[in-house]
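Written below as structure tokens is the structure these notes are about.
Laboratory data are not the source of any read-out in this text; all were calculated from the coordinates shown. These figures come from a predicted structure and were not determined experimentally. Because the Cβ atoms are built from the backbone with ideal geometry, glycine has one as well, and the counts that use them run over all protein chains shown.
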Amino acid sequence: MSARLDFLRTVKPFDLLPEEVLAEVAEALEEVRHPREAIIYYQDVSKMRGLDIIVEGEYETFFYDSQQNRRVIEYSRPGNCYGGISVLLNKKRSLRTVLAKKDTRVYFLHRREFRSLCQAYEEFFHFFTARYGQRMLNEEYANFVRPASSAGENYLASDQLFSRRIETLELRPVAACPASTPIHEVARRMAAARTSCYFIHNDDGGDISGYVTDITLRDKVVAGLADARQPVGAIMDAPVVSISTKAFVHEAILLMFRTKTRYLLVERDGEYVGSLSRNKLLTDDQAQSPFIFIQSVKQAQAVPELKRRWEQVPEMVFQLLNRGVKPEIVNQVITTVSDTIALKVIEDTIAELGPPPAKFVYMVLGSEGRKEQTLLTDQDNAIIYEDKANEQRETVRAYFLKFAEIVSDRLNDIGFSFCEGGFMAKNPKWTHSLSHWKRNYLAWMSDSNPETGMQFAASFDCRYLYGDATIMQELHEFLDVELQKPIDRFFHYMAVNALQYEPPLTFFRNIRTFAVGSQQVFNLKKTMSPIVDLVRMYALKHRIFATNTGERLEALRAQGVFTEPEVQELLQSYYYLMGVRLKKQAVQIMKDKVAPDNYLDPKTLTKVEQVTLKEIFKVIADFQLKIKVGFTKSL
């Protein structure tokens, strides 16, 4: 008995128990032996009778995937426990498959006694939930333990759109011809090949520079009474849009909607290997409601109909999250719907006002610029127009201010409320010429102070939405040059901004809250903001002009700024919080029938969810420390 007691004193979390309780536990233990290579438990099949404490030998634990490959292999050695998480959180079923790697001896504690200890000693219970929370930050682990819905509710989770890569699809060959080919000859080739799209390359056989479709021939040749003997290059559409074979199917569909193209070239290692059509993807049996819904948004005719469509988004978001679709994909869907609505409004406004008197870009900022919109969203947008001669400036500015007012008012009517801080194109300060915008950014970078660091940080999340993309490209080229200059002051205040909000975790590992009405809550948006601010700052430091937090992190990893484990920790933390935030807002709109907010009461969460949040708060705090050391030179 004394040997068991001495051993238990060295085992976590039994070392937390009072001595008299530990003695009772020692008496309740049963000794069990397992031969080498014996399978002790089968994942999600074996019913756990209790907790195993390894005394001698070794357990190998793992998940089997659908192909019976062993995944997330771990080893439990003397002094380790197995079965606690399974008993507490997996309905007594073994979470993993367990194999005895050596002749193994364990002490077995029945689940009745184990649960009694968990109920009586909070720290003892917290040990197992904390381990679970840490492991759930591992995407591969979380994928295997995520509870499955019933088959009838899970059609989107198993939908190949979200898991299938383009390289697995049957691609159409790239049908192409020189730009000098007569239009009638191209039409004949399209008919013979039974294709609705033909790509056009330079006469020397170089890069593909455009394409023609059935719609091109209808609108530009037949309706326009064009001479069908002229070169096809005269009527071709441009630019072409391409995607990698490594991308997912849902990414291809969203890219088509964002770029307003019906055809994508597919490339592998810099070479085009085929093409995809939107109709094929949307009529295939793998296409499901989110993308058909986006198509319906494109076909909406007026503001009231667009408003109705936007009001349907919370239901779609809730269902997607409930069916296991990743929050980052749900973000992309929301952003694509939002972009589609904005594009409809912009195009309708231009049709009313007449063609713009200058080239311009309508860009989106903040969460929309990062493609990370939630259901509590306001307008963050701006207009950049090309510089014109003095005599034209007033006319040009008057047009775009009128244009911006109409667009902003209609977006507000649809459900995208006015920005309280005035960061929108309707505000004359946010509709200006390219040279004026360059001066704005130069001032923010060269004359930085705590106020501008916080106020204008989201302006560096600018994303092209409509107009002449070369204007946006020129702005990026300007920023690329300026960011190479000594602007330590700018990065210092961006770092200060990223440190404004500390994760709501007390010294005693409790979640710090404040009162809102009758609830004690914390702010989800502010909890996530240090990750956004940190990643934005590093992206600017390394002149990365992607705006999405995930895309920025991947680019920083590729440059060696962050390690793979650091990137995965941040991505898991950020999108876990995003999923909680989106689902909570959807429930508020759908079921509570109230305006969504960013507040969360920890008491509404399970113990496991609370523990997971605490682990995420630790991740955020660690990265804030990295900012302190790297950019503010102080601890």
Report summary line: the chain: antiparallel bridges as % of DSSP beta bridges, rounded to 5, reads 85
**Report entry** Cα gyration tensor, region 409-563 - rounded (a/c under 1.5), prolate or oblate
**Finding:** oblate
Report summary line: Honestly region 204-252 on the Cα gyration tensor test (a ≥ b ≥ c root eigenvalues; a/c under 1.5 rounded, otherwise a/b vs b/c for prolate or oblate) is just oblate
Query raised in the report: Looking at the chain, which longest stretch skips every one of the GluC sites (Glu not before Pro) that is in a DSSP loop with at most 16 other Cβ atoms within 10 Å, leaving the sites themselves out?
Result: 171-419
Query raised in the report: With no solvent and one point on each alpha carbon, what is the Debye value of log10 I(q)/I(0) for region 289-632 at q = 0.08, 0.09, 0.15 Å⁻¹?
Result: -0.40, -0.51, -1.38
Report summary line: For the chain, the longest principal axis of the Cα atoms and the Cα long axis of helix 19-28 enclose an angle in degrees, to the nearest 10, of 80
Query raised in the report: Which value in nm describes the separation of the simple spin-label points at A175 and E352, placed 7 Å from the Cα toward the beta carbon?
Result: 4.1
Query - In region 499-542, the chymotrypsin sites (Phe, Trp or Tyr not before Pro) that fall in loop regions by DSSP, at most 12 other Cβ within 10 Å - result: F507, F508
Query raised in the report: Regarding region 2-85, what whole-number volume in Å³ per residue does the convex hull of its Cα atoms give?
Result: 107
Query - C-alpha long axis of helix 303-322 to longest principal axis of the chain, angle in ° - result: 30
Query raised in the report: If you wrap region 268-340's Cα atoms in a convex hull and average its projection over all directions, what's the area in nm²?
Result: 6.5
**Report entry** Test item: Cα-centred dipole of the chain, Lys/Arg +1 and Asp/Glu -1 on Cβ, debye
**Finding:** 900
Requested in this report: Could you list the trypsin sites (Lys or Arg not before Pro) in region 459-520 that lie in coil according to DSSP, counting only those with at most 15 other Cβ atoms within 10 Å of their Cβ?
Outcome: R509, R512
Report task. Starting from the alpha-carbon convex hull of region 193-346, give the projected area averaged over all orientations, in nm². Result -> 11.4
Report task. At most 14 other Cβ atoms within 10 Å and a DSSP loop assignment: could you name the trypsin sites (Lys or Arg not before Pro) in region 81-117 that fit? Result -> K91
Report summary line: Hull surface over four for the Cα convex hull of region 165-283, reported in nm², is 7.3
Query raised in the report: Using the eigenvalues of the Cα gyration tensor, what equivalent ellipsoid semi-axes result for region 2-145 when each is taken as the square root of five times the eigenvalue, whole Å, largest first?
Result: 25, 18, 12
Requested in this report: Starting from the Kirkwood radius over alpha-carbon pairs of the chain, derive D by Stokes-Einstein at 4 °C in a medium of 1.567 mPa s and give it in µm² s⁻¹.
Outcome: 46
